[in-house]
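For reference, the structure discussed in these notes is given below.
No lab work stands behind these numbers, since they all come straight from the coordinates. This structure is a prediction, so every number in the text was calculated from the model and none was measured. So basically every Cβ, Gly included, is an ideal-geometry build from the backbone, and we count neighbours across all protein chains shown.
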Amino acid sequence: MHGYDEPVYLISVVSTMLNIHPQTLRQYERDGLIKPSRTSGRMRLYSQRDIDKMKVILRLTRDLGVNIAGIDIILRLKEQMDSMEIDIDRLRDELNSINTMGSVSKNKAIVTKSRYELVIFKESK
């Protein structure tokens, strides 16, 4: 079994799987929507992640009528959201670790001011 990010599928296989013309895949690559890996002989190889991204692109174009510029914006926003979710999870784990170690007592409030800064306020009496 191959990894999710391992490039193993040729363009002919992907076009058959997705029921699209290989030229459509080439056009989406020129538009910067996908970026398949290349062999030393310059053959395109797609990973399962690339295929899943293509499924999203095809859903947006076929079912929702989104144009290429709109798809580019949507995909960039999705990448930013995914990155932010990772940051939030990391900060949540860090906060849980601090609370578990007792560094912050339960009678204090913790407010996040930005993604990287914690402001701690004492509970007012």
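Annotations for the structure displayed:
- Taking the range 1-74 and dividing mean pair separation by its residue count, relative contact order in percent (alpha carbons under 8 Å, at least six apart): 34 percent
- Anisotropy class assigned to the range 24-100 is oblate, per the alpha carbon gyration tensor with a/c at or over the 1.5 cut-off and a/b no larger than b/c.
- For VAL66, the residues 5 or more places off, or on other chains, whose built amide H falls under 5 Å of its own are THR61.
- Computed magnitude of the charge dipole of the range 1-51 (debye, nearest 20; Cβ of K, R +1, Cβ of D, E -1): 200 debye
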